[in-house]
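Asker: Structure incoming, see below.
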Amino acid sequence: MSDQATSAAELKLAADFDTPSQEAWEKEVLKVLNRGRPEGKEIGIDQAYKRLTSTTVDGLTIDPLYTKDDAVEELGFPGVFPFVRGTTIRNGDMTAWHVAQLHEDPNVAATRQHVLTDLERGGTAVFLRIDPDALKPEDIPTVLADVLLDLAPVYLSSATQQLEAAKALAAYLNDSEKDNAGMTGNFGIDPIGAAALAGTDVDLGVLKEALEIAKPFPQMTPFVVDATIYHNAGAGDVHEVAYALAIGVEYVRALVDLGLTVDEAFSKIIFRVSTTTEQFPTIARLRSLRGRWSRIGEVLEVSESKRGATQHAITSQRVLTRDDAYVNMLRGTISSFAAAVGQAEIQTVLPFDHVWGLPNDFSRRIARNTQILLAEESNIGRVNDPAGGSWFVESLTNQISTEAWKVFQGLDGEGFIKALGDGTVKAQLDELNQARAKRLANRSLPITGVSMFPNYTEPPVERQPRPEALKLNGLTPVRDSQVYEDLRDRSNAAREAGNGPKVLLACLGARRDFGAREGFTAPLIQAGGIETVVAEGTEPADFARQLQEVDTKVAVLCSSAKVYASQGVAVANALREAGAETILVAGQINELGEGGEEVVDGNVFAGMDVVALLTNTLDQMGA
C-alpha cells in the first residue's frame, strides 16, 4: 500500500464542503426562478415555495424541500408495533419477499411449465388467477403438479369463482403427501371485491364456508382485501388505503360474529395492494396502511404482535401502456423498487406486454428477473425500511395516514358495503378519475412513450390474445394511457383507409428560430398518431405550396417571437389562401403582433388540453 493510501475510516468525502443552510438553498432557488425577469419584478421566497409546491390527484401536498421539522418524533423499529416500518425483520439473506409471478394462461400444460420455470429460476411462490377466461378450478392439480407445496406458497385470485378455486386448492393440498401444517399462502376469498366487480350485493355468508375450507391449513390465510380493484378503477393513494381499512374492518366484524377472537380474525386476512411508478407515494402508502391497520388493531384490543398487515404488492394495471410497451419494463422496475422499499412481503410484477395479451417467455423472464435483480444485485432485500427516517417519506406517510383516516371514518359509520351499494364509492372514484383525466389531457401527468415522446410508427407487439372475459357490471378498470391510445387507433384506421391524418409544421426562419417549438409541437401532435410534416421556406408562397403538396387542412406556425412578428401574419394568410382550415401558432398569439388574432385559430402551448386538440383535429380530418 502506498504512503498516500487512505483508509475508509480516514476518508471524509464532505470535508472540503461547507454545510449547506436552508437560506443558501433558497438563495439559489430565487436565482434560478428570477433569471430573465426584469429588475423590480423578481419574485420572493414565499412565491417561489408556492410555485414549487405541487399536489397529487387526491390532494396530497408535495413540498419542494423537507427538513428536520418534517420528521416524526418517534421513528420506531421494523417488525414491531405499529409496524409502519414493516411486519418482519430482514436478516440479510436476500429472501426478503416472495417472488410470486401471475399465471393465468388457460393452456394448462403451458402454465404448468411456466410455473416450474419461475420456481427454478428465482420465483419463490405461485400466484394463480382462476376465472372463466383464465385457469379453471379443476386445472389447479395439473398446474401445481411440480410444485414443492411445503416450500412455495400458493396465492389465489378470482373475480368470479373464489369459493370454487379455494375448494379445489384445498382438496389438492389435502391429497398431497406434505404436512398440511406446513402449507402457506392465501385462498383469495374476498366477497366484497367480487361484488364490487360484479355490481351485485355482497354475500358475507361465504366467510363461514371459507373458514371451513382453510381449517386444515393453519398457516394459510383464507381472506384477502384486494385494494387493487379500487386502484385500477381510479383510486389514488388516500382512497386505496381508506378502502382497504374499511373492507378489513368489515371482515373482522363478520368473523368475530362467527365466533373468532379479534386476534384470530386479524390473522386470517392479508392485503393485496397496488404499486406504481409514483415511487415515493407508493412507499408511503404501504407504510401508511400498516400503521393505520395496526391502529385499528389497537382499538379492537388485538394482541400487539398480531396487528401487522401482510401485503401482496402487484404492479398497477392502470399505469401500464399498450403503446411503446417496452417502457413498461421501466415502470415495472420502479414499481417493484417501491414495493421492496415499502416492505411488501409478496410481490408480483406484471409483464411489460400485459396489455397486449398473454406474455411470452421473454416478458415473463424480464418480469421475474426485475425482482431478483433488485433483491440480489441491488441488495434491497438486505435492508430494513431503507426509506425510514427520510423527512419526505415520513411526512408523506403521515399525510396519507391522516387523509385516509378521514375517508375511512366517513365510510365506517354505516360500513363499506353500504357505501359500495349506494354508489358512494363509485362517485368518489368518478371524481378522482375526472381530476386525473384533466392532468392526463394537459400532460401534467405525463406518460412516456404515449403522451410524451411517442413513436406513432412503431409496429404492434404480437401476443396471443386472452380469451374474452365475462362481462361484469361493477367497477370498471381504467388505464391512464387509454385516451391517447384511442386517438392513435383513429389515426391508424384512417391511415389504413388511405386517408392518413397529417399536420403541416410551418417552420419560419432558421433552425435556431423554430427548433425549440417544432421540437415541442411535433411530439404533441404525434401523441394522437397524426403525422407531422416539417415545411421550411423563405417566402409565404413556399409554405402555401408545401401545404398543398402535403394535402392537409391543418397547419401550425413554429418559430421565435422575433420571427413571428416579422413573418407570422403573412405566412398565416398564405396558408389560409392555400386551403388551410385550421391554423395554430406554437407559443402565444400576441407574439404575431398586430393582426395576429385574426389570422390564426388558436395556439399550442405547455399546459393546454392536448386530448381536446387532437380530438378536434381528427374530427376535422374525418378520421
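The values are calculated or read from the model by the stated rules, or taken from the named source; none is laboratory data. Computed from a prediction, not measured in an experiment: that's the story for all the values here. Methodologically, a virtual Cβ is constructed for each residue, glycine included, from the backbone with ideal geometry; neighbour enumeration extends over all protein chains shown. When the accessible area is computed, the model is the full protein with side chains, heavy atoms only, and any ligands, DNA or RNA have been set aside. Shrake-Rupley method; radii C 1.70, N 1.55, O 1.52, S 1.80 Å.
Asker: Tell me the GluC sites (Glu not before Pro) within region 45-104 that lie in a loop according to DSSP and have at most 14 other beta-carbon atoms within 10 Å.
Answerer: Answer in residue order: 73, 74.
Asker: While we're on this one: For residue 128, what is the net charge nearby, where nearby means another residue's Cβ is under 9 Å from its Cβ and Lys, Arg count +1, Asp, Glu -1?
Answerer: -1
Asker: Shape verdict for region 454-588, please, from the Cα gyration tensor: rounded (a/c under 1.5), prolate (a/b greater than b/c) or oblate.
Answerer: The shape class here is prolate.
Asker: Summarise the accessible area of region 142-252 (1.4 Å probe, protein heavy atoms) by the percent that is carbon and sulfur.
Answerer: Whole-percent figure for carbon plus sulfur exposure: 49.
Asker: If I compute solvent accessible area with a 1.4 Å probe over the protein chains, what percent of it on region 327-427 is carbon and sulfur?
Answerer: Using a 1.4 Å probe with all protein chains present, region 327-427 comes out at 56 percent carbon and sulfur.
Asker: Let me ask something additional. Among 538, 500, 196, whose Cα projects farthest towards the positive end of the dipole of the chain, with charges put on the beta-carbon of Lys, Arg (+1) and Asp, Glu (-1)?
Answerer: It is 538, whose Cα lies furthest towards the positive end.
Asker: Counting only heavy atoms of protein chains, what accessible area per residue, in Å², does region 19-173 have with a probe of 1.4 Å?
Answerer: So region 19-173 comes to 52 Å² accessible per residue, rounded to a whole number.
Asker: Summing -39500 (n - 2.57) over the DSSP H runs of n ≥ 4 in the chain and dividing by its residue number, what mean residue ellipticity at 222 nm do you reach, to the nearest 500 deg cm²/dmol?
Answerer: The per-residue figure over the chain is -13000 deg cm²/dmol.
Asker: Here's another thing I want to ask about it. Order the following by accessible area, largest value first: 452, 220. Probe radius 1.4 Å; ligands, DNA and RNA are ignored.
Answerer: Sorted by accessible area, descending: 452, 220.
Asker: Right, next: Exposed loop trypsin sites (Lys or Arg not before Pro) only (DSSP loop, at most 11 other Cβ atoms within 10 Å): please give the longest stretch of the chain free of them, not including the sites.
Answerer: So the longest stretch without any such site is 42-470.
Asker: Pull up the cross-link candidates among the aspartates and glutamates for residue 50, meaning alpha carbon to alpha carbon under 18 Å and not fewer than 8 places away within one chain.
Answerer: 23, 26, 28, 42, 63, 70
Asker: Continuing with this model, one more query. Select one label from (1) 28.2, 87; (2) 30.7, 95; (3) 27.1, 100: the one whose number is Rg and Dmax of the Cα atoms in Å as derived from the coordinates shown.
Answerer: Here Rg and Dmax of the Cα atoms in Å agrees with entry (1).
Asker: Taking the Cα centre of region 522-623 as origin, work out the dipole magnitude from +1 charges on Lys and Arg Cβ and -1 charges on Asp and Glu Cβ, in debye rounded to 20.
Answerer: Dipole of region 522-623, to the nearest 20 debye: 140 debye.
Asker: Can you give me the accessible area per residue for region 297-407, using a 1.4 Å probe, in Å²?
Answerer: Per residue, region 297-407 has an accessible area of 36 Å².
Asker: With a ≥ b ≥ c taken as the square roots of the eigenvalues of the C-alpha gyration tensor of region 326-433, please select rounded if a/c is under 1.5 and otherwise prolate if a/b is larger than b/c or oblate if it is not?
Answerer: Since a/c reaches 1.5 but b/c is at least a/b, the shape of region 326-433 is classed as oblate.
Asker: At 1.4 Å probe size, with the rest of the protein present, what percent of the exposed accessible area of region 551-593 is carbon and sulfur atoms?
Answerer: After summing per-atom areas, the C and S share lands at 49 percent.
Asker: Considering only 491, 457, 477, whose Cα is most displaced toward the positive end of the charge dipole of region 457-499, charges sitting on Cβ of Lys, Arg (+1) and Asp, Glu (-1)?
Answerer: Checked the options; the winner is 477.
Asker: Quick check on the chain: of the DSSP beta bridges with both residues there, what percent are antiparallel, nearest 5%?
Answerer: Of all bridge pairs located within the chain, approximately 5 percent are antiparallel.
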